[in-house]
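Read-outs: derived from the displayed coordinates by stated rules, not from any lab. Here the structure is a predicted model, which means the values were calculated and not measured. Ideal geometry is used to build each Cβ from the backbone, glycine not excepted, and the neighbour counts take in all protein chains shown.
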Amino acid sequence: MSIAGSTALVTGASRGIGRACAESLASKGVKVTIVDLLDCSETVEAIAALGGKADQGICDVADEQSVKAVFERHFAVPGRLDFLVHCAGIIHERPLLETPIDEFDKVIAVNLRGTFLIGREALRCMSTTGSGRVVLTSSDMGYYGRETFSPYVASKHGVMGLVRSWAKEFAPAITVNALCPGPIDTAMLDTQNMSPDWRERELDIPLRRFGQPEEIAEMATFLCGEGGAYITGQGIGINGGSVMP
Ligand SMILES: NC(=O)c1ccc[n+]([C@@H]2O[C@H](COP(=O)([O-])OP(=O)(O)OC[C@H]3O[C@@H](n4cnc5c(N)ncnc54)[C@H](O)[C@@H]3O)[C@@H](O)[C@H]2O)c1
């Protein structure tokens with residue numbers, strides 16, 4: 001089974017893991033729609049350079065109307081959506097006792113509410129055709145607790161709850177899984193919202209290096225292809241051994 005000619009929605013695709021996923025799918029002949037809070041022109045150009053095709057849009061995944069507008073514009077009935085690869089997300093590192101409630105609300109809004117909103121509309125769309133693959137993004141922190149990251153950890157555990165519930169609710173027609181990356185070399189790890197020794201601490205894993213966004217994209221594309229047919233309800237670790245559940 002080739003995935004060429006299929007359609008995909010990739011979120012968080014202006015950079016990092018989302019961009020790599022969009023490029024990987026496009027390189028296999030998938031027609032991708034890419035959305036982000038930020039402009040995705042560089043991703044569109046990179047995909048064109050690969051000989052692929054992409055539409056882009058601005059979307060705040062935490063905002064219901066913004067999410068619905070993406071589906072009305074790009075996947076209105078009888079439109080077809082074969083794959084969702086949902087990568088948009090944010091992170092903050094802060095000790096609990098210094099964490100304002102607004103920061104907790106924001107992380108949960110983008111990472112968990114955003115996953116709920118995008119996933120719900122994608123599954124609505126896929127339900128009309130009776131097939132599809134949903135690939136969400138949790139984290140290795142979706143498996144364990146981590147000091148000074150509790151809102152992020154809670155959001156990524158929440159994503160795993162959605163994965164396991166939706167995988168049962170939409171089986172056998174549609175598979176639902178999550179990528180669970182370890183530390184990946186993206187702008188997220190350079191953010192000012194992390195402590196200065198973050199990168200050094202993250203290297204304390206068996207493979208002793210950060211992953212590359214392309215290594216996560218390989219797994220996303222695999223899950224959308226023939227190899228992913230019998231995988232559902234899973235959090236797939238691509239993590240250099242950072243967690244061994
Ligand atoms: N980089 C890592 O080490 C790592 C590890 C585990 C999990 N993850 C997860 O992988 C996903 C991608 O992370 P990344 O490393 O590529 O980060 P990144 O910061 O490079 O990219 C995230 C993208 O999401 C977009 N985004 C943020 N808020 C949004 C919103 N409300 N609506 C739409 N788009 C929004 C950003 O504009 C950005 O383009 C995230 O869900 C992240 O939690 C990353």
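For LYS53, the aspartates and glutamates whose Cα falls under 15 Å of its own Cα, not counting residues fewer than eight places away in the same chain, are GLU23, GLU42, GLU45. Taking the number of Cβ atoms within 10 Å of each Cβ as an exposure proxy, the fewest-first ranking of LEU50, LEU9, LEU123 is LEU50, LEU123, LEU9. Reducing region 121-170 and region 199-245 to their Cα centroids gives an inter-centroid distance of 15 Å.
Computed log10 I(q)/I(0) for the chain at 0.16 Å⁻¹: -1.15, from the Debye equation with unit scatterers placed on every C-alpha and solvent omitted. Placing +1 on the Cβ of every Lys and Arg and -1 on the Cβ of every Asp and Glu, with nothing else charged, gives the chain a dipole about its Cα centre of roughly 820 debye. Model label sites at ALA69 and SER195, defined 7 Å from Cα along the beta-carbon direction, differ in position by 4.0 nm. In this simple spin-label approximation, ASP204 and GLU93 carry label points 7 Å from Cα along the Cα→Cβ vector, and these lie 1.1 nm apart. Cross-link reach is defined here as a Cα-Cα straight distance under 20 Å, omitting same-chain residues fewer than 8 places apart; for LYS168 the lysines meeting it are LYS156.
Calculate for the chain the 222 nm mean residue ellipticity that helices alone would give, adding -39,500 (n - 2.57) per DSSP H run of length 4 or more and normalising by residue count, nearest 500 deg cm²/dmol. Result for the chain: -11500 deg cm²/dmol, rounded to the nearest 500. Cross-link partners among lysines for LYS68, C-alpha distance below 16 Å, same-chain residues fewer than 8 apart left out? Partners within reach: none. Scalar couplings 3J(HN,Hα) for region 161-173, obtained by applying the Karplus form with A = 6.51, B = -1.76, C = 1.60 to θ = phi - 60°, are x, 5, 4, 5, 6, 5, 4, 6, 5, 10, 6, x, 6 Hz; x denotes Gly and Pro. With no solvent and one equal point scatterer placed on each C-alpha of region 122-189, evaluate the Debye formula and give log10 I(q)/I(0) for q = 0.19, 0.29 Å⁻¹, two decimals. For the requested q values the scattering log ratios are -0.76, -1.21. Of all the options SER138, SER195, SER14, the one that moves most in a Gaussian network model of the chain with Cα springs shorter than 10 angstrom is SER195.
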